[in-house]
1. May I ask you to list pairs of residues, at least six apart or on different chains, whose Cβ atoms are under 6 Å apart, with the first in the range 22-39 being at pLDDT 75 or above and the second being among the charged types (D, E, K, R)?
2. Looking for whichever is among the hydroxyl-bearing types (Ser, Thr, Tyr) and in contact with a Lys or Arg (Cβ under 9 Å, 6 or more places away or on another chain) here; the options are Ser135, Ser65, Ser127. Which one fits?
3. How about the range 99-110: which of its residues are in a helix (DSSP H, G or I) and surrounded by 15 or more Cβ atoms within 10 Å (Cβ to Cβ)?
4. Taking Ser61, is it modelled with pLDDT of 95 or more, under 26 Å from Thr139 (Cβ atoms) and either acidic (Asp, Glu) or not in a strand (DSSP E or B) (or both)?
5. Inside the range 78-98, can you point out the residues that are under 14 Å from Tyr59 (Cα atoms) and surrounded by fewer than 17 Cβ atoms within 10 Å (Cβ to Cβ)?
6. What's the total number of residues in the range 129-146 that are among the polar types (S, T, N, Q) and modelled with pLDDT of 95 or more?
7. If you go through the range 64-75 one residue at a time, do you hit one that is of a type outside the set (Phe, Trp, Tyr) and without any contact (Cβ under 8 Å) to a residue 12 or more places away in the chain?
8. Yes or no: Gln78 part of a strand (DSSP E or B) and either within 21 Å of Trp38 (Cα to Cα) or in contact with an Asp or Glu (Cβ under 8 Å, 6 or more places away or on another chain) (or both)?
Amino acid sequence: MSAPLSVLITLSVVLLCLGEKPVEDVIKPRKATLLGGWFESRPDSKEAQDAIQYSIKMYNSHSKSKRLFRLDSITAVQSQVTNVINFKINAILGKTKCSKAENHDLEHCELEKKRMDCQFVVAFNHSNKKHEMKSRKCTKLVKPKA
């Protein structure tokens, strides 16, 4: 054996015997959005606003009330991307003084005291550019007694 080859083998054996200490890096989990899962959305995005307006329109068309309701506030919006975009919308609707029988611009209708806490699930299909109401649930808000 030649001297350089025996030195190389000796150094390799020494390094293998000494070994390196195991790496002890801390693995920190991070929050990742699951594909197809629900995630928080911005209520002021165009897509969310379109779904919100559709929800209010559908609520007014199916409501038994003789008066129109309009958006008072949004408490949460979540979205889910599948073959369509689903929106979960939590909103407070206020009853207005405007009659359903008349054609009104909802923004100019004065609000009464009655409020409804509503949860809507709306799907938006990109292929036909249409919204569809999947579910709606509204309950009358009860004011706390003073």
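1. none
2. On the way: Ser135 fails: in contact with a Lys or Arg (Cβ under 9 Å, 6 or more places away or on another chain); Ser127 fails: in contact with a Lys or Arg (Cβ under 9 Å, 6 or more places away or on another chain).
Being among the hydroxyl-bearing types (Ser, Thr, Tyr) and in contact with a Lys or Arg (Cβ under 9 Å, 6 or more places away or on another chain) holds for just one of Ser135, Ser65, Ser127, which is Ser65.
3. Here is the first cut: in the range 99-110, the residues in a helix (DSSP H, G or I) are 106-108.
Leu106 - this is the single residue of the range 99-110 that is in a helix (DSSP H, G or I) and surrounded by 15 or more Cβ atoms within 10 Å (Cβ to Cβ).
4. Numbers: modelled with pLDDT of 95 or more: no; under 26 Å from Thr139 (Cβ atoms): yes; either acidic (Asp, Glu) or not in a strand (DSSP E or B) (or both): yes.
No; evaluated as a whole, the condition is false for this residue.
5. Within the range 78-98, the subset under 14 Å from Tyr59 (Cα atoms) is 89-96.
Across the range 78-98, the qualifying residues are Asn90, Ile92.
6. Filtering the range 129-146 for residues among the polar types (S, T, N, Q) gives 135, 139.
Filter once more, so that each one left must be modelled with pLDDT of 95 or more: 135.
Counting residues in the range 129-146 that are among the polar types (S, T, N, Q) and modelled with pLDDT of 95 or more gives 1.
7. Restricting attention to the range 64-75, the residues satisfying the condition of being of a type outside the set (Phe, Trp, Tyr) are 64-68, 70-75.
Cutting the leftovers down to without any contact (Cβ under 8 Å) to a residue 12 or more places away in the chain gives us 64.
The answer is yes, given that some residue of the range 64-75 is of a type outside the set (Phe, Trp, Tyr) and without any contact (Cβ under 8 Å) to a residue 12 or more places away in the chain.
8. Working: part of a strand (DSSP E or B): yes; either within 21 Å of Trp38 (Cα to Cα) or in contact with an Asp or Glu (Cβ under 8 Å, 6 or more places away or on another chain) (or both): yes.
Yes, satisfied.
The values are calculated or read from the model by the stated rules, or taken from the named source; none is laboratory data. Quick caveat, the model's predicted, so the values are computed rather than measured. Positions of Cβ are backbone-derived with ideal geometry, glycine not excepted, and every protein chain shown enters the neighbour counts.
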